[in-house]
Amino acid sequence: MAKLFWRVSLPFILGNDLAGVVVRVGSGVRRFKPGDEVYARPDTDRIGAFAEFISIKEDAVANKPKELTMEEAASIPLVGLTAWQALIERANLKRGQKVLIHAGSGGVGTFAIQLAKHLGAIVATTTSTANLDWVKRLGADIVIDYRKDDFETILHDYDAVLDTLGGEALEKSLRVLKPDGKLISISGPPDPDFATDIGSTWILRLAMRLLSYRIRRRAKRHHVSYSFLFMRPSGDQLREIGSLIDSGIIRPVVDRVFPFESTKEALAYVEKGRAKGKVIVKVR
């Protein structure tokens, strides 16, 4: 589905977020200078963090949280911005509301649980048997072992769901929402609003409308809304996230750090789907 709106030419440098030191700035840059320690999620058309150097737009960059190592800081931008834009911008999550966050032990999940608890929400999550106690320590109030239980038969009247899985879990999530609840997915089909936001051609707008037709129709039957989230870079939001981290409200979750020479092994490890939090590649 990503091929519809994200064209790349090979060879292509991977890597979606980073932490590092500024070595040079453009003539119009005012917020940063050489020597600054920063972290960022580059624009989609400029990703490539698996490299020694990368150029990034100033408004996508923020100063690295003081309390974090470079490795810890590099784990934050992608998952932090995704959780922020899903829970605060889309869900408008308030104190006392209920939210289900799928895959609580994953990169987005570990951050989203902590952010939702900071907002005062009641948090449910799904995870495997081995991670039940661990995600509880992150702050989850209700933890469901997806190997043993069906979350849609246990949870009811939720205000929002953050879906990171897509597929069957996406459709089942409709059943846990109360009327006017919000299903926000980073793994489901792109919807017409997303097509409009990125300025798609009419052909792509039609394609995305068709791709998301089924889930949007089912959401309407349940009297809830469905939206697809494709996270956007934001230095301003990273600054707010950095303040929460430096205040001890949110802590990074890093599973493993691989040297640059083992990038292939790092990607293979991520593909197994068993990482707790983020996996880091360190460029020396």
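The values are calculated or read from the model by the stated rules, or taken from the named source; none is laboratory data. Note that this is a predicted model, so its numbers are computed, not measured. Cβ atoms come from the backbone with ideal geometry, glycine included; neighbour counts cover every protein chain shown. These accessible areas exclude ligands, DNA and RNA; they are computed on the full protein's heavy atoms, side chains included. Shrake-Rupley method; radii C 1.70, N 1.55, O 1.52, S 1.80 Å.
Quick notes on this one:
- The number of residues in the range 39-89 that are open to solvent by 20 Å² or more (accessible area, probe 1.4 Å), closer than 16 Å to G235 by Cβ and hydroxyl-bearing (S, T, Y) comes to 2.
- In summary, L100 fulfils each of the numbered conditions (1) part of a loop (DSSP other than H, G, I, E, B); (2) hydrophobic (A, V, I, L, M, F, W, C); (3) crowded, with 24+ Cβ neighbours inside 10 Å with the single exception of condition (1).
- Residue pairs whose Cβ atoms lie under 8 Å apart, separated by 6 or more positions or on different chains, with the first residue in the range 87-106 and within 15 Å of D157 (Cα to Cα) and the second hydroxyl-bearing (S, T, Y) and assigned to a loop (DSSP other than H, G, I, E, B), are I101/T164.
- Residue list for the range 230-255, restricted to those being among the charged types (D, E, K, R) and within 14 Å of V38 (Cβ to Cβ): D236, R239
- Considering residues of the range 231-284 that are among the β-branched types (V, I, T) and in contact with a strand residue (DSSP E or B) (Cβ under 6 Å, 6 or more places away or on another chain) only, the residue farthest from L115 (Cα to Cα): T263
- Filter result (open to solvent by 70 Å² or more (accessible area, probe 1.4 Å), out of contact with any helix residue (DSSP H, G or I) (no Cβ under 8 Å at 6 or more places or on another chain), farther than 30 Å from D197 by Cα and of a type in the set (D, E, K, R)) within the range 228-270: E261, K264, E265
- A219 being surrounded by 20 or more Cβ atoms within 10 Å (Cβ to Cβ), free of Cβ contacts under 8 Å to residues at least 24 places away in the same chain and assigned to a helix (DSSP H, G or I): no
- In the range 237-284, residue farthest from the chain's Cα centre (by Cα) [restricted to those that are among the polar types (S, T, N, Q) and assigned to a helix (DSSP H, G or I)]: S262
- Residue ID - least open to solvent (accessible area, probe 1.4 Å), chosen from residues in the range 13-30 that are part of a loop (DSSP other than H, G, I, E, B) and not aliphatic (A, V, I, L, M): G15
- Candidate set: the range 197-213, residues that are in contact (Cβ under 8 Å) with a residue 24 or more places away in the chain and part of a helix (DSSP H, G or I); chosen: the one surrounded by the fewest Cβ atoms within 10 Å (Cβ to Cβ): L204
- Which listed residue is without any contact (Cβ under 8 Å) to a residue 24 or more places away in the chain, loosely packed, with under 12 Cβ neighbours inside 10 Å and part of a loop (DSSP other than H, G, I, E, B), from K3, K33: K33
- Count of the range 128-184 residues which are assigned to a strand (DSSP E or B), touching a residue at least 60 places away in the same chain (Cβ under 8 Å) and open to solvent by less than 50 Å² (accessible area, probe 1.4 Å): 7
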